[in-house]
Amino acid sequence: SKPATHSVPLVVLNSTTISGLAARAQQQFEAGGWTVTSTGHIVNDILSTCAYFDPSDPANEQAALDLLRQFPSIKRVKERFAELPQAPIVVVLTSDFG
C-alpha cells in the first residue's frame, strides 16, 4: 500500500445498519492517503456523515476540512462530542455515505 500523505489518523464509525460500510469507507480513505487506525459501530442519532475533530489541536480541524474537501460523501465537520472515542478525527458514517 502507498504511504499515507496525511499525518492525522482517522477512526471510522458506522452509525447505520449497512453491513461493511466502515470497511468500505476505510478503503476509500486509505486509497486517498489517510491512515485509519480503527473502525467500529456507533448507535447515535446523527443526521449526515460527519468528521468530528478533537479541538485540542488546530491541526485536527484543518485535517477534517481537508478530508471533507477530498470526500464529498462527508457532509459536515464538527467538534467531537463526549461519546466518541478519543481520536484526532472520528468520521461517523450515515446512510448518505456513498
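The values are calculated or read from the model by the stated rules, or taken from the named source; none is laboratory data. All values derive from a computational prediction rather than experimental measurement. With ideal geometry, Cβ positions are generated from the backbone for all residues, glycine too; neighbour counts draw on all protein chains shown. Side chains included, ligands, DNA and RNA excluded: accessible areas come from the protein's heavy atoms. Shrake-Rupley method; radii C 1.70, N 1.55, O 1.52, S 1.80 Å.
A few points about this structure:
- Heavy-atom accessible area per residue - the chain, 1.4 Å, Å²: 53 Å²
- Whole-number D in µm² s⁻¹ for the chain, Kirkwood Cα-pair radius fed into Stokes-Einstein, 10 °C, 1.306 mPa s: 122 µm²/s
- Sparsely packed chymotrypsin sites (Phe, Trp or Tyr not before Pro) within region 16-98, loop by DSSP, other Cβ within 10 Å at most 11: F81
- Taking amide H as placed 1.01 Å from N in the peptide plane, the amide H of W34 sits under 5 Å from that of T5, each at least 5 places away or on another chain.
- FRET efficiency, S48 to Q86 (Cβ-Cβ, R0 25 Å, nearest 0.05): 0.60
- Expected 222 nm ellipticity per residue - DSSP helices of 4 or more, -39500 (n - 2.57), all of the chain, to 500: -7500 deg cm²/dmol
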